[in-house]
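Have a look at the structure below, then the notes.
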Ligand SMILES: [Mn+2]
C-alpha cells in the first residue's frame, strides 16, 4: 500500500446546479475521483463552490449529494484531513461539516507551508479590481444579521429562492470562459499585487471556471483549479511538485 502523502485540491463542483439531471453523472465522476485519491491522500482541499447552494439551518440539512457526502465521510474516517473553503455559492457553511467530518472551514484565504513552499489558497471571489456589485453583496450575504434573517424563512422558500437564482449563474448557462490575458485576468492582477507584500510559491484559486497554471516568476506559479462541469481539473502536491491534472 502506498503512503498517504499527497495533498489534493479541487473546486467548483457546483453540485445541485441547474439543470438537475446533469448532477447525477457529475456526482458519480467526483466519487470515482475521491475513490482514486483516497488511497494516497493525506489532505483534501475543496476550494469553494462545491455546492451550487448550501445553507445550514440549525436543524435542517439541504437535500441531495448523499453519495458525495458519504464519500467525504469515508475519506475523513480513513484519516484524510478535509478543508472546505466558502465559495460565493456556498458561503453559508457553519459547523455541520466540522461536526460530521472534522473538516476545517475557511472563510477567506488560507496560507500553509509544505516542505518549505508557501501556498496561498482562496476561492477567488471578490478579489482583484472591479466587480463592485458582488463585493457589496458579499458583505451583505456574510453579515450575521442577514444570515439570521434568511434562516427565519421556511427552507422550502429560502432554498427555492436560491435555486431560482442559480438558474441564471454562469454554470447553469455553461458560459464559454475565455482566458482574457495576464493583464486582464483579475486573479492574476490580484496575485501580482499580493506578491509585492509577501513571497509565495503557489497561489491556488477556484471561481474562474477556467483551469490555468501560469508562472509569475522563477519562484511563483498561479493555479486555477477550473471546474467540474467541463474540465474535471484538480491539483496535486506530492511533497516536491504541484501539478494541475485532469481526471478522466
Ligand atoms: Mn463557481
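Going through the range 179-205 one residue at a time, which ones are within 16 Å of the ligand (Cβ to nearest atom) and either part of a loop (DSSP other than H, G, I, E, B) or over 21 Å from residue 234 (Cβ atoms) (or both)? Answer for the range 179-205, where residues must be within 16 Å of the ligand (Cβ to nearest atom) and either part of a loop (DSSP other than H, G, I, E, B) or over 21 Å from residue 234 (Cβ atoms) (or both): 185, 186.
In summary, residue 55 fulfils each of the numbered conditions (1) crowded, with 18+ Cβ neighbours inside 10 Å; (2) touching a helix residue (DSSP H, G or I) at 6+ places or on another chain (Cβ under 6 Å) with the single exception of condition (2). Restricting the range 1-24 to residues that are modelled with pLDDT of 95 or more and out of contact with any helix residue (DSSP H, G or I) (no Cβ under 9 Å at 6 or more places or on another chain) leaves a set whose member that is farthest from residue 175 (Cα to Cα) is 5. Screening residue 59 against (1) away from the ligand (no atom under 16 Å from the Cβ); (2) free of Cβ contacts under 8 Å to residues at least 12 places away in the same chain; (3) under 24 Å from residue 169 (Cα atoms) leaves a single unmet condition, (3). Would you pick out the residues in the range 207-234 that are more than 17 Å from residue 29 (Cβ to Cβ) and within 16 Å of the ligand (Cβ to nearest atom)? 207, 208, 210, 212, 223, 224, listed by residue number. Could you please find all residues in the range 104-125 being surrounded by 20 or more Cβ atoms within 10 Å (Cβ to Cβ) and farther than 15 Å from residue 7 by Cβ? Listed by number, the residues that qualify are 122, 123, 124, 125.
Just one of the listed residues (43, 27) is part of a helix (DSSP H, G or I) and either within 15 Å of the ligand (Cβ to nearest atom) or closer than 19 Å to residue 225 by Cβ (or both), namely 27.
For residue 84, the conditions (1) free of Cβ contacts under 8 Å to residues at least 60 places away in the same chain; (2) in a loop (DSSP other than H, G, I, E, B); (3) crowded, with 19+ Cβ neighbours inside 10 Å all hold with the exception of (2).
The values are calculated or read from the model by the stated rules, or taken from the named source; none is laboratory data. None of these values were measured; they are calculated from a predicted model. Cβ atoms come from the backbone with ideal geometry, glycine included; neighbour counts cover every protein chain shown.
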